[in-house]
1. Filter segment 135-163 down to the residues that are polar (S, T, N, Q) and part of a strand (DSSP E or B) and list them by number.
2. Residue by residue through segment 275-330, note down the ones that are under 30 Å from TRP44 (Cα atoms) and basic (Lys, Arg).
3. Just one of (1) within 25 Å of THR96 (Cβ to Cβ); (2) in contact with a strand residue (DSSP E or B) (Cβ under 9 Å, 6 or more places away or on another chain) trips up SER207, so point out which.
4. May I ask you to list the residues in segment 135-165 that are crowded, with 23+ Cβ neighbours inside 10 Å and farther than 25 Å from GLN21 by Cα?
5. Restricting attention to helices (runs of 4 or more DSSP H) lying wholly within segment 170-277, give those where 2 or more residues are within 16 Å of the ligand (Cβ to nearest atom) and free of Cβ contacts under 8 Å to residues at least 60 places away in the same chain.
6. More than 16 Å from the ligand (Cβ to nearest atom), surrounded by fewer than 21 Cβ atoms within 10 Å (Cβ to Cβ) and modelled with pLDDT under 95 - does that describe any residue in segment 116-131?
7. Would a scan of segment 261-268 turn up a residue that is small (Gly, Ala, Ser), within 20 Å of the chain's Cα centre (by Cα) and surrounded by 14 or more Cβ atoms within 10 Å (Cβ to Cβ)?
8. Taking segment 5-36 as the region of interest, how many residues are within 12 Å of the ligand (Cβ to nearest atom) and more than 22 Å from ALA237 (Cα to Cα)?
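The values are calculated or read from the model by the stated rules, or taken from the named source; none is laboratory data. All of these numbers come straight from a predicted model, not from anything done at the bench. Reconstructed Cβ throughout: ideal geometry from the backbone, glycine too, with neighbour counts over all protein chains shown.
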Amino acid sequence: MSPSGVEPTVEVHLTPAELRQALHDDVRRGLLAPTGEKRLPPVWFYDDVGSELFEAITELPEYYPTRAERLLLTSHADDIAGRAKAATLVELGAGTCDKSRILLDALCRAGCLETYVPLDVSQATLCQAAAELGGEYPGLAVRAVVGDFHRHLDRLPTGGPTLVAFLGGTIGNLLPDQRRRFLFDLGCRQEAGDSLLLGTDLVKDASRLVAAYDDATGVTAAFNRNVLAVLNRELGADFDLDGFAHVARWDAEQRWIEMRLRALGSQRACLSALDTEVAFEDGEELLTEISAKFTREQVESELWEAGFVVGGMWDRPGGDFLLTLASPYC
Ligand SMILES: C[S@@+](CC[C@H](N)C(=O)[O-])C[C@H]1O[C@@H](n2cnc3c(N)ncnc32)[C@H](O)[C@@H]1O
């Protein structure tokens, strides 16, 4: 219980059965299709172990995005809060809600915030964060939502002017079509007075980008391979995690980093829950994540196409990362 007596709530919109079905669908589409390259969406990284590994990644010397975004938030959160004047802060893919505290503090200082709604697929991480925040922010209603930001935007509680924050460069994990659809859906749900705060990683020198996704200590490699551990546990599969190499590659044409797992030798893995098996040829790759990098102009034009007008953009000289505040032009 928080000191004010306002107990954080957790609404679960992803039951174990729904999660299982979604995983089965993604595996059938991405691993078992007769043609096309093998791929899985990055959402499957984030079981409890994956969420902890992601937290470890954010502290790696090579992984600049978290530090860069935190600096921007620290410098500009009061300006953002003053413009957004939000009574409700919704955060998509909130994870541990660590950086969110900078925004929460600024919105509290602005005297307008009543409710914080963090949404994430990772239930344990979210529940722990909600419990901690309940203690740290007396008087703030914390209403956590376990859900998928592709499917559950319509379940999010709102009330008064709402600021939707999508931080961490997570928007870059969506394929361009998915990104268009997602931003459009978000725009359709916003009303006059609402706003969106988007954190995007910026295009930069390829060697820095690749190093951020292929650190010297192998934490990112463990995060990448964790998806195979998830398949082993959830599908009764028998992937040999050491049989796959971690690959991080910059695609200059698409302007995104790809994370892949490359089979070291030909392999077969049994997927008991689906009563089938999957074969990899030696060197064959599984695409596990893209992380698109942006320019300011691209962010502004993609937001415009989705129904948003940009009200403010913040980056720093050298331009590692960008925060953009936008509102619907309805
Ligand atoms: C790159 S991490 C960013 C975490 C945090 N926002 C930050 O800035 O450090 C992506 C977060 O989004 C969550 N996530 C990934 N796919 C999701 C989905 N489809 N629906 C909801 N949450 C998702 C993950 O569990 C993880 O917490």
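1. Matches in segment 135-163: THR162 only.
2. Listed by number, the residues that qualify are LYS293, ARG296.
3. Every listed condition holds for SER207 apart from (1).
4. Correct list: VAL142, THR162, LEU163, VAL164, ALA165.
5. Here the list reads 176-189.
6. For segment 116-131, residues more than 16 Å from the ligand (Cβ to nearest atom), surrounded by fewer than 21 Cβ atoms within 10 Å (Cβ to Cβ) and modelled with pLDDT under 95: absent.
7. no
8. Final tally of qualifying residues: 2.
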